[in-house]
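Below is one structure, written out as structure tokens; comments come after it.
Bear in mind that the values in this text are calculations on the coordinates, not laboratory data. Keep in mind it's a predicted model, so treat the numbers as computed, not measured. Here Cβ is always computed from backbone atoms with ideal geometry, including for glycine, and neighbour counts include all displayed protein chains.
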Amino acid sequence: MSTGFLSSLQSDYVITYLRNEVKVWQIGLALLLAWRAWSYWENRLDIPFYGGIWSFSRVLSIIKMNREGAQAFLDTYKQHPMVAVPRVDAWFIMMHPDFVEEINKAPEDVISNDDNILVALQVPYTLRNKIIENPYHKYVIQNQLTKNLVKIFEDIHDEIPRAWENLTDGHEWKRITMLPAALQLIAQTSNRVFVGAPLCRDQRWKSAMTDGTTSIVKLAALISLFPPWARPIVGRILSHPDAKSKEYAPLVAPLVEERLKMDPEDRPDDFISWLLELAPPEDQNALEVTRRLIGMNFAAVHTTSMNLTHAIFWLLARPEYIEPLRAEIAAVTEEMGWTKDALTHMVKLDSFMKESVRITPISSQALSRIVMKPFTFSNGVRIPAGYALGAHMYGTHHDPNIYENPEEFKGDRFLPKTDAVAPGLNYADDEEREASLKRSMYAASKTYLGFSYGKHVCPGRFFASMELKTMVAHLLMEYEIKWPEEVSKGAKHYRPENMWFGGALVPNPTAEILIRKRR
Ligand code: HEM
């Protein structure tokens, strides 16, 4: 018998067997199991998950991580170059700074920044995708805002005393809860630049840009709790993408309409005009300008307020820095007046603020991204599509191989090391001045990630650091601050405990300080 005859007999037998014995549902089940096995294999992640036995549940792991706080982040960094930690919407892979450049250089369709923002803020249901697809507000920050900082400084310097005065009581000691107070200060000052006066002082606008933006985050977190397939349904039930923009647009409408009636050449040289200049024709209206302003305030206000609060808590926890800082500010402003350039010469202040960002960055991670196509890192670890990842900022900022005694707050850590250069006005030469700028608070690097790093580095960092330094310089020169006695109980380095929410490092939101005008 030939082998051809045998095999045709066998295949006839197999077909007959399949026809008679195997049911359709059995084939379906086999295919389903094969697909599950393949997708398990395709999506396997060979790195440790935070939480040990708790890691079967992301929610339990989050609770454990929030309670352990800083120590949990330090341990994960020390133990693993890559580790998955729990976030509300997904597991998030935190990576050693060695991998920062690979994250940064990966193409957008492989490791995506935009999709991360889309998911983190549930943009389709809270703000509309066009804010990501055509981010012209980002170009306004990168270009017009940053190029006009010398002029913008004057507005900020004018607004800051008014903002502090709203919260204080002249020469009488006043008790303020610092984080909410910082939100008011920063909302007013930043919006002096975004929408101008008097709207920046209008409590309805300030609340919209603080509480209103917080409510978007809460809504996004709620929608994220549902599986991705259910989000379009839940998102549409809970929210409308125009809701917030429509609510706040009437406040901005007069400013937008006034500019739209003018010849573009004659419009005032300000933020709203800059937005209108880049907006496509269909976005030349108050609703779209408001949407961009919400996005901008979103990026600007909470971040800057948390950093301001952390810095003020450090001033109170290390009061020995206060007088040297005052002396520097007094010397520089006496010589140069209150200008943006004068701020550049306040190197002690810059170093102090940078140290505050280093030791208490407002987030545990930077360069947050979503993997769109499987990506294999240089250590051979393959990350499947769908995972979120980013740099382990908290671990990096506390790494003893990068920063000496990283747990110690050293306000002068970023000052020039040599005696040849006196801090303050006297740069040895242009080279030293350049070096000083590279050391400065806004200078992003792979080991200083407060404003992130690389192609999506925060475009508002020059504005934010100018605003923060002016805010603190004004506070130091015009006010005295202290902890309420019953809180600090006279402890020398008292500082209220920070709180961890997911990956965010929030300065204690209920901590109060006492403040009065200096005599
Ligand atoms: C101290 C205050 C601030 C901190 C700590 C901060 C930090 C950050 C960080 C970590 C990112 C993420 C970058 C990445 O994913 O790689 C970012 C992005 C961004 N920031 Fe800031 N930021 C601050 C203030 C501001 C201000 C004042 C503005 C606007 C004037 C602003 C506008 C933006 C924008 C538009 C992005 C998105 C960049 C992009 O997607 O390419 N930020 N910021």
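Assorted remarks:
- Local charge for residue 62 was computed over the other residues whose Cβ lies under 14 Å away, with Lys and Arg +1 and Asp and Glu -1, and equals +2.
- Evaluating 6.51 cos²θ - 1.76 cosθ + 1.60 at θ = phi - 60° for every residue in the range 441-449, the Karplus couplings come out as 4, 8, 6, 6, 8, 5, 10, 10, 10 Hz, glycine and proline recorded as x.
- DSSP beta bridge pairing in the chain, given as percent antiparallel to the nearest 5: 85 percent
- One Cα centroid belongs to the range 224-239, the other to the range 317-378; the line between them spans 39 Å.
- Neighbourhood charge, 15 Å Cβ-Cβ cut-off, centred on residue 201 and excluding it, Lys, Arg +1 and Asp, Glu -1: -1
- In terms of the mean number of neighbouring beta-carbon atoms within 10 Å, the peptides 64-77, 360-373, 113-126 order highest first as 360-373, 113-126, 64-77.
- Modelled label positions at residue 174 and residue 238, each set 7 Å beyond Cα in the direction of Cβ, lie 3.7 nm from each other.
- Once the Cα-Cα distance is subtracted from the 0.36 nm per residue extended length, the residue 167 to residue 485 segment shows a gain of 112.4 nm.
- Protection proxy ranking, highest mean first, for peptides 178-188, 481-491, 325-335: 178-188, 325-335, 481-491, where packing is the per-residue count of other beta-carbon atoms within 10 Å, averaged.
- Tail fraction, Cα-Cα pairs, the chain, threshold 38 Å, whole percent: 35 percent
- Placing a pseudo-label 7 Å from each Cα along the Cα-to-Cβ vector at residue 226 and residue 110 gives an inter-label distance of 3.5 nm.
- Within the chain, helices built from complete DSSP H runs that reach 24 Å or longer along their own axis (Cα positions) and carry a mean Kyte-Doolittle hydropathy of -0.5 or higher are 3-21, 24-42, 149-167, 243-261, 286-317, 461-478.
- Summed residue charge, Cβ within 12 Å of residue 180's Cβ, Lys/Arg positive, Asp/Glu negative: -1
- FRET E, pair residue 408, residue 207, Förster distance 56 Å, beta-carbon r, rounded to 0.05: 0.90
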